[in-house]
Amino acid sequence: MDQHLIFAPMGALAFLTFSVLTLIPIRRFRAGAAGQIVSDDFKFGESGNVPGHVSIPNRNYMNLLELPMLFYAGSLMFFVAGKVDGIVLATAWLYVALRVVHTLIHLTYNRVMHRLLPFALSNLVLIAYWALFSLR
């Protein structure tokens, strides 16, 4: 199998991360223009004055920079070791799909119990991803 195929799910997750990053200033500037926030609300992070619809993209962005780093590292390990195969690729795409679902729920209607399932499943898939590498 072409080892370079692992870069597609990595690129998709990076694209999702950059898309969420783009939402942060959009929501902040709109809220600022509407008088809902002022610049000092971000002096030490986000103050309690920042409405949820403004702070959620930032929280989701942080989520996309935490455990997904282990996905990127694991994917590079598979690539360097020449161990990318159909199972690895399917697992990688499953991880990305679950992160997309989590993000869509988080950024839209944001029901915690609904987003918990794809988040938890994505973490289990990530653990399996690393176990798969370790067993090979």
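Are there any pairs with C-beta distances below 6 angstrom linking a residue in region 19-47 that is within 22 Å of L104 (Cβ to Cβ) to a residue that is of a type in the set (A, V, I, L, M, F, W, C) and outside any helix (DSSP H, G or I), with the two at least 6 apart or on different chains, and if so which? Partner pairs satisfying both residue conditions: A31/I37.
Output the residues belonging to region 95-109 that are of a type outside the set (V, I, T) and more than 15 Å from A131 (Cα to Cα).
Pass one, region 95-109, residues of a type outside the set (V, I, T): 95, 97-99, 102, 104, 106-107, 109.
Within region 95-109, A97, L98, R99, H102, L104, H106, L107, Y109 qualify.
Scan region 110-125 and give yes if some residue there is within 15 Å of the chain's Cα centre (by Cα), under 21 Å from L5 (Cβ atoms) and aliphatic (A, V, I, L, M), otherwise no. Looking through region 110-125, at least one residue is within 15 Å of the chain's Cα centre (by Cα), under 21 Å from L5 (Cβ atoms) and aliphatic (A, V, I, L, M).
Yes/no matrix, rows are residues, columns are (1) among the charged types (D, E, K, R); (2) part of a helix (DSSP H, G or I); (3) farther than 18 Å from L132 by Cβ:
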residue	(1), (2), (3)
M1	no, no, no
M10	no, yes, no
T22	no, yes, yes
G32	no, yes, yes
D40	yes, yes, yes
E66	yes, no, yes
L70	no, yes, no
F119	no, yes, yes
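Please determine, by comparing only the residues of region 84-136 that are of a type in the set (F, W, Y) and farther than 18 Å from A14 by Cβ, which one is surrounded by the fewest Cβ atoms within 10 Å (Cβ to Cβ). Selected residue: Y109. Applying the criterion of being without any contact (Cβ under 8 Å) to a residue 60 or more places away in the chain, among the polar types (S, T, N, Q) and within 20 Å of G11 (Cβ to Cβ) to the residues of region 48-83, the residue that is surrounded by the fewest Cβ atoms within 10 Å (Cβ to Cβ) is N63.
Any read-out appearing in this document is the output of simple, stated calculations on the displayed coordinates, not a laboratory observation. Here the structure is a predicted model, which means the values were calculated and not measured. Positions of Cβ are backbone-derived with ideal geometry, glycine not excepted, and every protein chain shown enters the neighbour counts.
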